[in-house]
Structures are given as C-alpha cells and as structure tokens.
Amino acid sequence: MTMVFLNKEIRDGDNPDLTEERKTATFDTNKMAEVIYGSEKLARRRREISQAVSLIPELADSKPLPFLSRNEKILESTRKVTALNEHLPRLINMNDEDEAWHIHSEVIGFEGNPLALHHSLFIPPLVIQGSDEQHEKWLGRAKRREIIGCYAQTELGHGSNIRKLETTATYSLSTQEFILHTPTINALKWWPGALGKSSNHAVVVASLIIKEQNYGPHLFMVQIRDEQSHEPLPGIAVGDIGPKMAFNGADNGFLGFNNFRIPRGNLLNRHCNVEVDGTYVRPPHDKMNYAGMIRVRSRMAAEQGTFMAQALTIAVRYSAVRRQGFLENKSQEVKVLDYQTQQHRLFPAIARSYAFIFCGFETIQKYETLQNEMNSGNVSLMADLHALTSGIKSVVTYQTGEGIEQARMACGGHGYSMASYISEIYGCAIGGCTYEGENMVMLLQLARYLVKSVELAMRGKPGDLGPMVAYLAYPDIKVDLVTGPEAYVKMFQHISKRQSIKATEKFHRKMESGVSRDEAWNQCAVELTRASRLHTRLYIIETFIRRVDSIEDLSIKMVLTDLMNLHLNYELLDVASYALEDGFMSSTQMGFIKNQLYSSLEKIRPNAVSLVDSFQFSDLQLRSNLLNFLFQVLGRRDGHVYQNLFEWAKSSPLNQTEVLPSVTQYLKPMMEKAKL
Ligand SMILES: CCCCCCCCCC/C=C\CCCC(=O)SCCNC(=O)CCNC(=O)[C@H](O)C(C)(C)COP(=O)(O)OP(=O)(O)OC[C@H]1O[C@@H](n2cnc3c(N)ncnc32)[C@H](O)[C@@H]1OP(=O)(O)O
Ligand SMILES: Cc1cc2nc3c(=O)[nH]c(=O)nc-3n(C[C@H](O)[C@H](O)[C@H](O)COP(=O)(O)OP(=O)(O)OC[C@H]3O[C@@H](n4cnc5c(N)ncnc54)[C@H](O)[C@@H]3O)c2cc1C
C-alpha cells in the first residue's frame, strides 16, 4: 500500500529508517520538485515520463552494465537508444530539450550512447551556423536520424588552442571545393563522441585557407562514411580511440583526411562565407564560429548540478539506512547521517546541487536571449556570456567532482563498489572539467574580462562596467553578517573585487618591470584564476538568493532558506582567508560563520532525505532497481540495500562457476609446485 503524506509516498515495505525520515520532513517534495525544475508542469512531466518508461521492458538494461565488456556496452546502449527512439514521439514533446535529456538519462544512464552527440553537438552547430539552404539540405535528415553526426574539433595535438588546429580546408578556385587535409599525425581529430564507429557525418572544424591565407577555424559539414555500407569514404581514416574513464557506451573517435574534397556549399555559412571567386565574407563577430561552445557551456551548470544530485541521492538515502556506532542511546546504533561529519560531507553538496540547478536555468535563459539577438545580427551580448559561462563551467564541474567524491566516501566501502553507481557518475561528471574547454583555460578567459573591467574601473569609468561586474567599483563598507544574505553578498563582493584588483595590479607591475604581456600574464595566472573562481562563486550565490526570494510557498521557502544559509556560510568560510587578510572580516565574524554553518546542518538534518527525494530521480535513473533485475543497489528508494547487494554480488559473472580458469591454469599449478 502507498500512503501519500505531503507527497512523500510512504510505501509499505520500505525500510523503516527511510520511512521515518520521510515522515519527519517539513515540506511537500512535489512542490519542491516544481521549484527545482521550474514549474508544476515540468516536474509532473518528469514523473509521467519516468512512469511511462518503467512500463516498457525493452527500455530497461538487459544486463547489469558494469559487468559488460566495451563492445557489449556499445551494443546495449545502441539497442536501448534505438528502441527509445521508436517510443519517443509518444512519450515526450519532441521539441522539448529538457524532456529529451531526462528520458535519455532514465534509459541510457551515464554510460553514453552513439546518438548522444548527434542531438547535443551535431544538430546545434548546424542550426546556429548553417544557412536556411543548409538547414533545408541537412537539418531535416539529421532530425529524422537518416544521418548520424558528431562534432569534430579537437585534434591529437590541439584542443584548448583552437587557433592552432592543423586540419586544413583549402579553397580550390578551379573546382570550387574545399580540400580537407590532415598534414601530420598531431592533426588527427581525436576525442569527438560517436565519431569512432557510429557517425556517417561530422561537423568538422578546420582552418580555412584561401589563396594561402589562413582565416582561422571554420565549420564544415562532411560526410565521412558511405550511407549504404557504412564504410569510411575514400580519403578518410576513422576509428575508436579506446576505453576511457567513463562514457564507455560511446565511441569517441579519431579522424584523418587525405586531400578529401567537399563542395563549397559545405562551409556552414549563416554568418560567414567564401564566394565563388574566393572572396571571404567576414562574420559579424570574430569568434562567431565559437558560438556553439557558449551554448554547450551555458547548459553545464544545470547538467552538473543534477549529476551531483544523483550521487547525493544515493549517499543520503544510504546514510539514513546505514547504522554504525553509538551516540547517546547505547541500545541502538545510529544512522550514520546523524554524525556531524557525515552531514558536513553531504549537506553543503546538496546546497551546491540546488545552487547549480538554479544558476543553470538563468544561464540557459541568457543563452536563449543571445541566440535570438544573434539571429537578428546583434552580437553585443557574446563577450559577457562567454566570460560568464567560461567561469561557471569551470567552477561547477570542479565542485561537482568534489561533491560526488564526498558522496562516494560517505558510503564507506560500498561507495567504492560499482553497485553504488557513484563511480560511473563521477567519471562522467569530471569529464566536464576537460571537455568544452579545459577548466584553467576557461578561467583564464574569464580573467581577461575581469582584468579589462578592473582597468575600466581604475580609469574612472565605472559607468562602463556591465551589471555583472559593477561591484568592482563599489566602495568598501564593512558589513554586519547578522543582517542576512545581502551582507554575505557584500562580503563576497569585497573578496572578489580585491582579488581581481590585486591580480590586475600584479599583472600591470610585471609589465611595467619590462616583462612581456604574455609572460606577465603567465606569471600572474594562478592569481587570475583565483579571481575568476571568486567572481563565479559570487554569481552563483546571487542566483541562489534570487531564486529563494522568488518563492511564495512558505514551507518550501523555509527549507530552501536553511539550505541557502548553509551555502552562504560554507562558501564564505571557504574563502574567509581573503577577507581576514585585509581585516575586512574579523575573527569574531569568522566564529559567527562557523556557528551558523553548524546550526544549518542541524536544521537541514530532518529534511535531508526529502531534499534529495525532491529531485525525483527514479530507481531506474540511479541504476538502483530495474524491473525484475537487481543491479546497482545503494540508492534504492525503498532503502533495502543489504539483500540487494548480496543479489548483486551473486549476479557477478565470476560467480557463475565455482572454479575459475585462473585457478586451474595458474594458482593450482603454483600450489602443486610449491608442495614438491
Ligand atoms: C544524465 C545523462 C548522462 C549523459 C551525460 C552526457 C554528458 C554530456 C555529453 C557531452 C560530452 C562531451 C561533449 C564535449 C564536446 C567538446 O569538448 S567539443 C570541443 C570543445 N573545445 C573547446 O572548448 C576548446 C576551448 N578553447 C577555446 O574555446 C578557445 O581556443 C579559447 C576561447 C580558449 C581561445 O580562443 P582564441 O581564438 O585563441 O581567443 P583569445 O585570443 O584567447 O581571445 C580573443 C578574444 O576572443 C574572445 N572570445 C573567445 N571565445 C569567445 C566566444 N566563444 N565568444 C565571445 N568571445 C570570445 C575572448 O574573450 C577574447 O576577448 P578579448 O580580446 O579579451 O576582448
Ligand atoms: C569525455 C570527453 C568528450 C569529448 N568530446 C569531444 C567532442 O565531442 N568533440 C571534440 O571536438 N572534442 C571533444 N573532447 C575534447 C575536449 O574538448 C578537449 O580535450 C578539451 O578541450 C581540452 O583540450 P586538450 O585535450 O587539448 O587539453 P590541453 O590543452 O592539452 O590541456 C593539458 C593541460 O594544459 C593546460 N593548458 C593548456 N593551455 C593552457 C593555457 N593557455 N594556459 C594555461 N594552461 C593551459 C591545461 O590547463 C591542462 O592542465 C572531449 C573530451 C573528453 C574528455
């Protein structure tokens, strides 16, 4: 029987320790899900989709994924994604990217699949950079999945420095074609997801050469495999790059061109062009060809927030059923969730998950505004959003990695087992520190923007600063943290401003002492990245406060205020040394922050399970219970962990036979030999 109590679904037969947690929570998890996902409709649609998927047996994993070989993983992920595509039009709104993301995460999990990049990295640049005529030619086919594509930019020798990509696309005036060529091994495309074995098309980024002049990286639509035989076309070398830390259900690949010709019309030319006579038509912004990367980065805060939320759901539920050691009552061991250290490990990460998701919705909206403006020829918002998303991408991926790792350790030994599913989530999430721009490189992009802004403020032109950096010109007025969130923001602004100014001044001093600009930049790089992180963390705090301010439901607002206070104190404590250094923060204030932090942990404790339940991840999504199959088991909603861990172990292929060949072939002879 299921009893609904503030929508927390207390189910008969659930582990009583979890039931107790759900009963004591002070808010409605459905209402919280509406805040997390943006509206009642969006939250409800997620539940409906999860429910519909759970009723379709062919969408379930046919075997436990960690027990599969790489080939089996790719076969299984391809089986599931093609089966899913058959059902999709019935299950989701096909124009809704969030619904598509959600359903893929239910069915595929974190292992990746050969069509993931088709939708997230092949179609979007075609939409953004392709002309109407090019949309006519390829977009319908791509959307109907008549063709499969990927995004091939990174090379063996270059990923971060796009300007130095070595693959060339040389315009031939005589044939009006581009000749794609890979001049060296280093110039092989390397890493693109789904390139290795699955795609028959690629958006290829290559340096455009016209009459021996290099116009820098441009995007080209390239067919790489025959549509019938799926064999590589003559002049193309393509293959898989081998197993990775994660994403092993996907085929990241390499690609080389041997003077491979494509028509002039294959340069994606919505914003730039090469005329028949070789005349180059410039785009409205120098970095227009990088616009697709801003799009992907703008989605990463929400994405990474949900990755961390999944690991935390597993760890918090497990911590509520795991009993070990004693506190006051010596007759019953305590839930490990009652230890302050466990709470300190998990609750700030829950707060960050919420913060990243809220911040993510804002950045996605900002990107959509940019996209609309770009479509009408206005590129003035690009620089701001490039700077912002560069910082956010770097901070959230790093902190998500930290949070997931804490979740793993919080599960003790069982966290280390693949039965927890946390290692798979971790491998996928920390890929984000590297892909879409290596974190240090992207922090330094934001630093360029901050340095320029500080210079404007120094030149007495604070009016020229955009709203995101206006605080760089604010006067330093001491704050009383007791007055609430605004004081925390002011304290953080001071810290961030001071670090940006210090790094800029150091950079200037270096140059004044005769060091070249690039060398001076490098000698200040650590300080500059610190400034970027602080600026970004400030921005995330502000978005959290804005979101909580906008909530009307009192019970939700109260618990989110607790979570926000935890976030404010945890973040400020983490960077307090910057404010102690110049006396802006007193040691008394430091003590206040710590006490607030500990009291926030206590306030959140009764709501912890419901705060993670509110993400409403299904057991399928957490790979915690699939139909009749018992796979990864730690985050199960019903909390029945131990018997399912035992079932999991029994299903290991190693246990299908009592005596393994490793014993008969090697250990037995060794032991026999030792007896002689
Ligand atoms: C639950 C479900 C589970 C499923 C999980 C699925 C998860 C997701 C799957 C996806 C997985 C992987 C996808 C990964 C895809 C990729 O990685 S694609 C490759 C991405 N590559 C990169 O990001 C490369 C990074 N490098 C760059 O972007 C550029 O090289 C860099 C910006 C660093 C430098 O470019 P330069 O051309 O050299 O520019 P600079 O000289 O440094 O700067 C000049 C000015 O240009 C401004 N600029 C730079 N970029 C932009 C931009 N995009 N927009 C606007 N302006 C830009 C820069 O600020 C400088 O301005 P200034 O001179 O200071 O005013
Ligand atoms: C899971 C995954 C999926 C991917 N998918 C795709 C894809 O679909 N398509 C695609 O084209 N690519 C893809 N990539 C490639 C990815 O975009 C690149 O790996 C990434 O941009 C980093 O570039 P790099 O490998 O050249 O790193 P490098 O730049 O070589 O980084 C190595 C080190 O050098 C440092 N460094 C480099 N330059 C600077 C600098 N200027 N200042 C300071 N430090 C610097 C970095 O901080 C880092 O510590 C994927 C990568 C991964 C891991």
Segment 286-380: helices (runs of 4 or more DSSP H) wholly inside it with 3 or more residues that are touching a residue at least 40 places away in the same chain (Cβ under 8 Å) and closer than 22 Å to Arg637 by Cα are 300-321, 340-375
Reported set for segment 169-198 where residues are assigned to a strand (DSSP E or B) and among the aromatic types (Phe, Trp, Tyr) is Tyr171, Phe178, Trp190
_Taking the conditions exactly as written (away from ligand 1 (no atom under 14 Å from the Cβ) and out of contact with any strand residue (DSSP E or B) (no Cβ under 8 Å at 6 or more places or on another chain)), does Gly432 satisfy them or not?_
no
Restricted to segment 272-291 and to residues being more than 16 Å from ligand 2 (Cβ to nearest atom) and surrounded by 15 or more Cβ atoms within 10 Å (Cβ to Cβ), the residue farthest from Thr175 (Cα to Cα) is His285
Residue pairs within 6 Å by beta carbon, gap of at least six or interchain, first lying in segment 131-151 and small (Gly, Ala, Ser), second within 16 Å of ligand 2 (Cβ to nearest atom) and part of a loop (DSSP other than H, G, I, E, B), listed first then second, are Gly149/Ser199
Going through segment 650-676 in order, the residues found to be closer than 30 Å to Leu622 by Cα and surrounded by 13 or more Cβ atoms within 10 Å (Cβ to Cβ) are Ser651
Among Ala246, Ala311, Ala301, the single one that is within 16 Å of ligand 2 (Cβ to nearest atom) and in contact with a helix residue (DSSP H, G or I) (Cβ under 6 Å, 6 or more places away or on another chain) is Ala246
Across segment 265-280, the tally of residues that are outside any helix (DSSP H, G or I) and touching a residue at least 12 places away in the same chain (Cβ under 8 Å) stands at 11
Log entry, pairs with first residue in segment 158-180 being over 30 Å from Leu444 (Cβ atoms), second being part of a loop (DSSP other than H, G, I, E, B) and within 15 Å of ligand 2 (Cβ to nearest atom), beta carbons closer than 7 Å, six or more apart or on different chains, reads Leu180/Thr167
Of those in segment 19-46 that are among the β-branched types (Val, Ile, Thr) and under 22 Å from the mean Cα position of the chain (by Cα), the residue surrounded by the fewest Cβ atoms within 10 Å (Cβ to Cβ) is Val35
With respect to His386, determine if the residue is assigned to a helix (DSSP H, G or I), closer than 30 Å to Ala250 by Cβ and more than 17 Å from the chain's Cα centre (by Cα).
-> no
Open item on the list: Among the residues of segment 47-55, are any under 20 Å from Ala302 (Cα atoms) and surrounded by 15 or more Cβ atoms within 10 Å (Cβ to Cβ)?
Closed with: yes
When restricted to Ala142, Ala169, Ala187, the only residue hydrophobic (A, V, I, L, M, F, W, C), within 19 Å of Leu233 (Cβ to Cβ) and within 16 Å of ligand 1 (Cβ to nearest atom) is Ala187
Handout entry: Some residue of segment 556-574 being more than 26 Å from Glu362 (Cα to Cα) and either aromatic (Phe, Trp, Tyr) or touching a Ser or Thr at 6+ places or on another chain (Cβ under 9 Å) (or both)
Key = no
| Does Ala419 satisfy the condition of being more than 10 Å from ligand 1 (Cβ to nearest atom), at pLDDT 95 or above and assigned by TED's automatic domain parsing to the domain that holds Ile314? | no
Review point. Would a scan of segment 242-262 turn up a residue that is assigned to a helix (DSSP H, G or I), more than 9 Å from ligand 1 (Cβ to nearest atom), modelled with pLDDT of 95 or more and buried (at least 19 other Cβ atoms within 10 Å of the Cβ)?
Key: no
Those residues of segment 303-313 which are among the aliphatic types (A, V, I, L, M) and either over 23 Å from Cys359 (Cα atoms) or within 11 Å of ligand 1 (Cβ to nearest atom) (or both) amount to Ala309
| message | I'd like to know if segment 480-500 contains one or more residues that are in contact (Cβ under 8 Å) with a residue 24 or more places away in the chain and within 16 Å of ligand 1 (Cβ to nearest atom). | response | yes
Residue count, segment 375-388, condition more than 17 Å from Arg297 (Cα to Cα) and of a type outside the set (Ser, Thr, Tyr), comes to 4
Among helices (runs of 4 or more DSSP H) entirely within segment 581-676, at least 3 residues that are within 30 Å of Leu18 (Cα to Cα), of a type outside the set (D, E, K, R) and modelled with pLDDT of 95 or more occur in 587-604, 608-613
Original post:
Does Ala383 count as farther than 27 Å from Pro606 by Cβ, aliphatic (A, V, I, L, M) and within 16 Å of ligand 2 (Cβ to nearest atom)?
Top reply: no
Per the filter on segment 208-222, residues of a type outside the set (A, V, I, L, M, F, W, C) and either more than 12 Å from ligand 1 (Cβ to nearest atom) or outside any strand (DSSP E or B) (or both) are Lys211, Glu212, Gln213, Asn214, Tyr215, His218
Of the residues in segment 96-152 that are within 16 Å of ligand 2 (Cβ to nearest atom) and on the phi > 0 side of the Ramachandran plot, the one that is modelled with the lowest pLDDT is Gly109
Exactly one of Arg533, Arg547 is in contact with an Asp or Glu (Cβ under 9 Å, 6 or more places away or on another chain) and in the same structural domain as Thr363 (by TED's automatic domain parsing), and that one is Arg547
| query | With respect to Ile425, is the statement that it is away from ligand 1 (no atom under 11 Å from the Cβ) and either touching a His at 6+ places or on another chain (Cβ under 8 Å) or not assigned by TED's automatic domain parsing to the domain that holds Ala250 (or both) true? | reply | no
(1) crowded, with 23+ Cβ neighbours inside 10 Å; (2) free of Cβ contacts under 8 Å to residues at least 40 places away in the same chain all hold for Thr400 apart from (2)
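The values are calculated or read from the model by the stated rules, or taken from the named source; none is laboratory data. Because the structure is a prediction, the values reported are computed rather than measured. Reconstructed Cβ throughout: ideal geometry from the backbone, glycine too, with neighbour counts over all protein chains shown.
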